[in-house]
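The values are calculated or read from the model by the stated rules, or taken from the named source; none is laboratory data. The structure displayed is predicted, hence computed values, not measured ones. Cβ placement follows ideal geometry from the backbone for every residue including glycine, while neighbour counts extend to all protein chains displayed. Keep in mind that these areas ignore ligands, DNA and RNA; they rest on the heavy atoms of the full protein, side chains included. Shrake-Rupley method; radii C 1.70, N 1.55, O 1.52, S 1.80 Å.
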Amino acid sequence: MNVKAIIQSGIKEVVYLSDKYSHTDIVKASKLMMTKAGVSMRKLTPSVEEIKISLDESQV
């Protein structure tokens, strides 16, 4: 989803896990657009390192 779609859809907060491209111009411009549109951004700090999902129906 691009930033314009986020803003136009009325999303008020974006929660992200990684910001490894924060140094790029496109990300800087996107963050500026969201800030000016009132969209807040925050990094997710997970309380666990791993989630395991079993698709084995016998363990339900």
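Being open to solvent by 60 Å² or more (accessible area, probe 1.4 Å) and in contact with a strand residue (DSSP E or B) (Cβ under 7 Å, 6 or more places away or on another chain) is true for just one of L44, L55. Which residue is that?
Numbers: L55 fails: in contact with a strand residue (DSSP E or B) (Cβ under 7 Å, 6 or more places away or on another chain).
One residue alone meets the criteria, L44.
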Of all residues in region 1-15 being open to solvent by 60 Å² or more (accessible area, probe 1.4 Å) and touching a strand residue (DSSP E or B) at 6+ places or on another chain (Cβ under 7 Å), the one that is farthest from S40 (Cα to Cα): V15
